[in-house]
């Protein structure tokens, strides 16, 4: 997988994902019929990714980096340092916090995990659980097409 530095986000991201962003400036929807996560994801465009918001009592973040807020709340309220997955074991919340959010649906987030070869994961806000959706953004796109 080829990585490319993004001036917009000031970090390296998969070049296929950056190309996808350029091709879908307003975002799009992608239907995922995955084994562990079936839904229609609202893929964000650059403007929506950069939109900042505040979580009361926690802090402020852009949409693409909002998992750091959720991970902080989860760590404080559960006194656990892990996000749990029924199918993939547990992952440290510090790692989840570094995820690059690319989509949302009903309060949940689809994100790229830079510490796991930019594989795609879903974060479930109502319980703090996670699941691996795809091994890479490339594989995800090959299996799914924008609606």
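The values are calculated or read from the model by the stated rules, or taken from the named source; none is laboratory data. Computed from a predicted model, the values in this text were never measured in an experiment. Don't worry about glycine lacking a Cβ; one is built from the backbone with ideal geometry, like all the others, and counts go over all protein chains shown.
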Next on the checklist: Condition first: part of a strand (DSSP E or B), surrounded by fewer than 16 Cβ atoms within 10 Å (Cβ to Cβ), without any contact (Cβ under 8 Å) to a residue 24 or more places away in the chain and touching a helix residue (DSSP H, G or I) at 6+ places or on another chain (Cβ under 6 Å). Can you find one or more residues in segment 27-49 that meet it?
Outcome noted: no
Item to check | Filtered residues of segment 102-115 (kept if surrounded by fewer than 22 Cβ atoms within 10 Å (Cβ to Cβ) and touching a strand residue (DSSP E or B) at 6+ places or on another chain (Cβ under 8 Å)) | outcome: 104, 105, 106, 108, 113, 114
Item to check | The one condition in (1) more than 17 Å from residue 138 (Cβ to Cβ); (2) touching a strand residue (DSSP E or B) at 6+ places or on another chain (Cβ under 9 Å) that residue 3 fails to fulfil | outcome: (1)
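Conditions (1) in contact with a helix residue (DSSP H, G or I) (Cβ under 7 Å, 6 or more places away or on another chain); (2) modelled with pLDDT under 95; (3) farther than 23 Å from residue 14 by Cβ, marked per residue:
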site	(1), (2), (3)
52	no, no, yes
57	no, yes, yes
63	yes, no, no
82	yes, yes, yes
85	no, yes, no
99	yes, no, no
104	no, no, no
Item to check | residue 124 in contact (Cβ under 8 Å) with a residue 40 or more places away in the chain, crowded, with 16+ Cβ neighbours inside 10 Å and in contact with a strand residue (DSSP E or B) (Cβ under 8 Å, 6 or more places away or on another chain) | outcome: no
Checklist entry - Could we say that residue 4 is on the phi < 0 side of the Ramachandran plot, assigned to a strand (DSSP E or B) and free of Cβ contacts under 8 Å to residues at least 24 places away in the same chain here? => result yes
Next on the checklist: With the requirement that a residue be surrounded by 12 or more Cβ atoms within 10 Å (Cβ to Cβ) and modelled with pLDDT under 80, what does segment 87-97 give you?
Outcome noted: 88
